[in-house]
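Notes for the one structure printed next.
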Amino acid sequence: MTDQKMTKNDAEDKTKDLEEDQKKEATEDLDQGSAEEEKETPEDGSDKNEDQDNEDNKEEEKEEKEDDEDLNTKYLRLMADFQNFKKRSQKQRSDTLAYANAEIVGQLLEVMDNFERALEQDADEGQEGFKEGMQMIFDQLKGVLDKTGVEEIKAIGEVFDPNFHNAVMTEDTDEYESGHVSGVMQKGYMLKGRVVRPSMVKVAN
């Protein structure tokens with residue numbers, strides 16, 4: 001009788017132990033599943049955050065690229081404007097100097113005319129040295145003007161051109177064709193391609 005009771009008690013204890021083990025295993029499985037879900041959830045969220053960050057970075061890179069292109073375009077325009085301004089300034093400065101030099105050259109040409117007239121006269125006896133001295137001064141003055149860019153306008157035998165020649169009279173001549181310059185009454189000059197004084201000429205009929 002005692003053995004049967006102990007066996008019954010043992011069976012009940014084993015049943016209780018088995019139930020507790022099953023509950024314990026179920027609880028552990030539940031805890032493990034929850035832990036895995038919690039573990040997976042952050043990973044999914046991290047992936048989403050990473051995708052969002054990549055999209056944001058791409059958008060920022062696109063905006064930065066557009067800003068760089070805008071800055072580059074503005075820089076090129078600014079450089080073009082500066083180059084144009086520089087060219088205009090240089091041209092204005094050159095024109096100013098050219099006009100200023102032209103006025104001075106025009107006055108010096110009158111001095112050269114007087115020198116030439118004086119040198120065309122025959123020197124009196126004993127004054128040959130004086131004439132030679134005047135010739136040296138004239139040559140020196142002409143050399144200075146040549147270095148400045150002054151050049152004589154071609155006239156004799158050239159076709160009459162009102163841009164370079166100032167016709168004061170016409171004449172009948174067989175030496176030159178009609179419409180050609182037959183004589184020069186006053187030499188004309190240019191300064192660096194610009195007419196300072198036109199030639200005063202006679203034109204053949």
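The values are calculated or read from the model by the stated rules, or taken from the named source; none is laboratory data. What you see is a predicted model; the values in this text were computed from it and never measured. Positions of Cβ are backbone-derived with ideal geometry, glycine not excepted, and every protein chain shown enters the neighbour counts. What goes into the accessible areas is simple: the full protein's heavy atoms, side chains included, and nothing from ligands, DNA or RNA. Shrake-Rupley method; radii C 1.70, N 1.55, O 1.52, S 1.80 Å.
Among the candidates 157, 149, single out the residue that is in contact with a strand residue (DSSP E or B) (Cβ under 8 Å, 6 or more places away or on another chain) and more than 17 Å from residue 200 (Cβ to Cβ).
Working: 157 fails: more than 17 Å from residue 200 (Cβ to Cβ).
Matching residue, one of 157, 149: 149.
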Looking for something among the hydroxyl-bearing types (Ser, Thr, Tyr), open to solvent by 100 Å² or more (accessible area, probe 1.4 Å) and either at pLDDT below 75 or part of a helix (DSSP H, G or I) (or both) - is there at least one such residue anywhere in the range 63-77?
yes
Can you tell me which residue is farthest from residue 195 (Cα to Cα) among those in the range 88-113 that are touching a residue at least 60 places away in the same chain (Cβ under 8 Å) and aliphatic (A, V, I, L, M)?
109
Before we move on, is residue 142 open to solvent by 70 Å² or more (accessible area, probe 1.4 Å), at pLDDT below 90 and either under 18 Å from residue 196 (Cα atoms) or not in a loop (DSSP other than H, G, I, E, B) (or both)?
no
Quick one: residue 133 ticks every box in (1) open to solvent by 90 Å² or more (accessible area, probe 1.4 Å); (2) assigned to a helix (DSSP H, G or I) except a single one, so which number is it?
(1)
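Just wondering, is there one or more residues in the range 193-204 that are surrounded by fewer than 16 Cβ atoms within 10 Å (Cβ to Cβ) and over 30 Å from residue 91 (Cβ atoms)?
Filtering the range 193-204 down to residues surrounded by fewer than 16 Cβ atoms within 10 Å (Cβ to Cβ) leaves 193-195.
Checking the rest, the ones that are also over 30 Å from residue 91 (Cβ atoms) come to none.
No, the conditions are met nowhere in the range 193-204.
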